[in-house]
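The values are calculated or read from the model by the stated rules, or taken from the named source; none is laboratory data. The model shown is predicted, which means the values in this text are computed figures rather than measured ones. Neighbour counts run over all protein chains shown; Cβ positions are idealised from the backbone, glycine included.
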Amino acid sequence: MALVIENGNVVPGADSFATAAELVTYAANFGKTIPADEVAQEALLRRAALQMDAMPWKGRAVSRDQALAWPRAEVKRQDWTLRQDEIPAQIKAGQMALAAEIHADDLAPPEIKKGAVIKERVEGAVERQYATVAPDISRAAAGRQSYAQFAGLLESSSQVSLRRS
């Protein structure tokens with residue numbers, strides 16, 4: 001099923017900020033590997049949009065009926081207040097970066113996806129055991145390109161914790 005693109009007007013059923021064609025161009029421009037199949041590209045964009053919904057964005061959603069985290073009201077970035085009917089270019093670029101990161105995580109062999117150290121013993125030989133990481137979990141590392149795109153649009157951790165207390 002074709003993507004429904006959010007353009008800032010609270011599009012019913014929106015499931016992406018970017019199109020598969022835009023993802024292909026992004027991947028070519030940044031040397032990222034993505035699937036050749038359009039259906040798989042769309043699935044990556046949907047997965048990235050879902051992950052973005054869980055991020056602590058500045059401001060507030062403009063409508064209770066919107067399907068995605070953006071558009072947002074009351075968002076300031078670099079002392080500029082964003083219009084509540086706009087999707088910042090960084091949101092679209094960040095979604096494409098995140099989609100490429102998710103695909104890279106999907107391709108990574110399971111043996112390099114190690115969980116936290118849950119057991120370590122030293123008596124002569126060193127023994128270390130790692131927790132198992134579910135293969136369907138993809139978390140973007142803070143140093144990844146998507147995080148850089150989202151800079152200035154996410155609440156800082158101190159602001160988020162202050163609001164929750």
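So here's what we get for this one:
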read-out: ALA21 vs. criteria touching a Lys or Arg at 6+ places or on another chain (Cβ under 8 Å), small (Gly, Ala, Ser) and either closer than 22 Å to GLU101 by Cα or surrounded by 15 or more Cβ atoms within 10 Å (Cβ to Cβ) (or both); value: no
read-out: Conditions (1) assigned to a loop (DSSP other than H, G, I, E, B); (2) touching a Phe, Trp or Tyr at 6+ places or on another chain (Cβ under 9 Å); (3) buried (at least 16 other Cβ atoms within 10 Å of the Cβ): number failed by ASN7; value: (3)
read-out: Selected residue (criterion: modelled with the lowest pLDDT) from residues of the stretch 76-85 that are assigned to a loop (DSSP other than H, G, I, E, B) and charged (D, E, K, R); value: ASP79
read-out: Matching residues, the stretch 86-116, being surrounded by 11 or more Cβ atoms within 10 Å (Cβ to Cβ), aliphatic (A, V, I, L, M) and either part of a helix (DSSP H, G or I) or at pLDDT 90 or above (or both); value: ILE87, ILE91, ALA93, MET96, ALA97, LEU98, ALA99, ALA100, ILE102, ALA104
read-out: Exclusive hit being under 20 Å from GLU155 (Cα atoms), modelled with pLDDT of 95 or more and over 17 Å from the mean Cα position of the chain (by Cα), set ALA28, ALA73; value: ALA73
read-out: Test: residue in the stretch 33-44 that is in contact (Cβ under 8 Å) with a residue 40 or more places away in the chain, within 18 Å of PHE150 (Cβ to Cβ) and either of a type in the set (Lys, Arg) or outside any helix (DSSP H, G or I) (or both); value: no
read-out: Tally, over the stretch 11-25, of residues that are under 21 Å from ALA89 (Cβ atoms) and either in a loop (DSSP other than H, G, I, E, B) or under 12 Å from the mean Cα position of the chain (by Cα) (or both); value: 7
read-out: Residue selected from the stretch 36-58 under the condition surrounded by 18 or more Cβ atoms within 10 Å (Cβ to Cβ) and over 13 Å from the mean Cα position of the chain (by Cα), by the criterion nearest to ALA73 (Cα to Cα); value: GLU42
